[in-house]
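Student: Dropping the structure in here first, questions after.
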Amino acid sequence: MIQPLVISRYACRLLFGGILFSTAALASVIAAGPDAFPAGSPVLQFEDLTNEMEVNGLIYKEVLFTYLVGGTPLNGAVAIESFNLPTNHVTVPFIAGLGDSTGALSLVLPEAVSVFGYGFALNSVFSPSSPNLITTISVFSGTTDLGTLSYKAVPDPGVPGGFAGIESTIPFDRVALTFNSIVPGDQIEFFVVDNITFATAASVPEPSTILLAAAGLLLCLRTRDSLR
């Protein structure tokens, strides 16, 4: 016969396992501005790359870039470019999408981070200065989708764009960037990405997780004492 104390131990293990599982599955993501990045965070500016270099499959400063259309890598759509662009958040040279703009620019980072951001600019065919242009960031831990945020482009000043940043309560090692117009039938003429930055930070449990763990520990201790 299994003793009550043994049952209590198993129950405690299941409780903490459930707390850990729920923490892993319930990441929170919030928008992050340039001031969210600690001093010394890496910034990718592509100044040492040649013009018109293919970006799909590029490994730059330990970051792997892949451009996916329908889940398949595509060459010839995204390259390093240096054309004139009057904007505050990108400088030449930069990553530019000048071909099929319906894909996602995937970045596999050299390590897990908690905050990621980049400068961007984009134009659309129908309304080049429209506030209906957006960029979207999705963050992943391995294959687990942790969350997605979208950012509207604003005059910056001559071309719509800005800074897009995301912070997650669970570290991530891969991001996917997309560029779209929310006007039906419109399509992106080009998009530009530059000044990519990210920061490594220790994973800090959310307050709700800490309270759950404390409550579970107290319950297990009381149950153990009552069974002695």
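All of the numbers you see were taken from the coordinates with simple rules; none came from a lab. Worth saying up front: this structure is predicted, and the values here are computed from it rather than measured. Note that each Cβ is placed from the backbone with ideal geometry, even for glycine, and that neighbours are counted across all protein chains shown.
Student: What list of whole percents do you get for P(r) of region 29-203, with Cα-Cα distances grouped in 10 Å bins up to the one holding the largest distance?
Tutor: Result returned by the calculation: 10, 41, 39, 10, 0.
Student: Compare the peptides 50-60, 80-90, 154-164 by average per-residue count of other Cβ atoms within 10 angstrom and give them in order, highest first.
Tutor: With the highest mean Cβ count within 10 Å placed first, the list reads 154-164, 80-90, 50-60.
Student: Using alpha-carbon positions, what is the distance between the centroids of region 99-132 and region 133-183, in Å?
Tutor: 7 Å
Student: Among Val69, Leu107, Ser141, whose Cα lies farthest out toward the positive end of the dipole of region 29-203, if unit charges sit on the beta carbon of Lys, Arg (+1) and Asp, Glu (-1)?
Tutor: Value computed over the given set: Ser141.
Student: Using Cβ counts within 10 Å as a stand-in for footprinting exposure, how do Phe172, Phe126, Phe190 rank, fewest first?
Tutor: Listed from fewest to most nearby Cβ atoms, that is Phe126, Phe190, Phe172.
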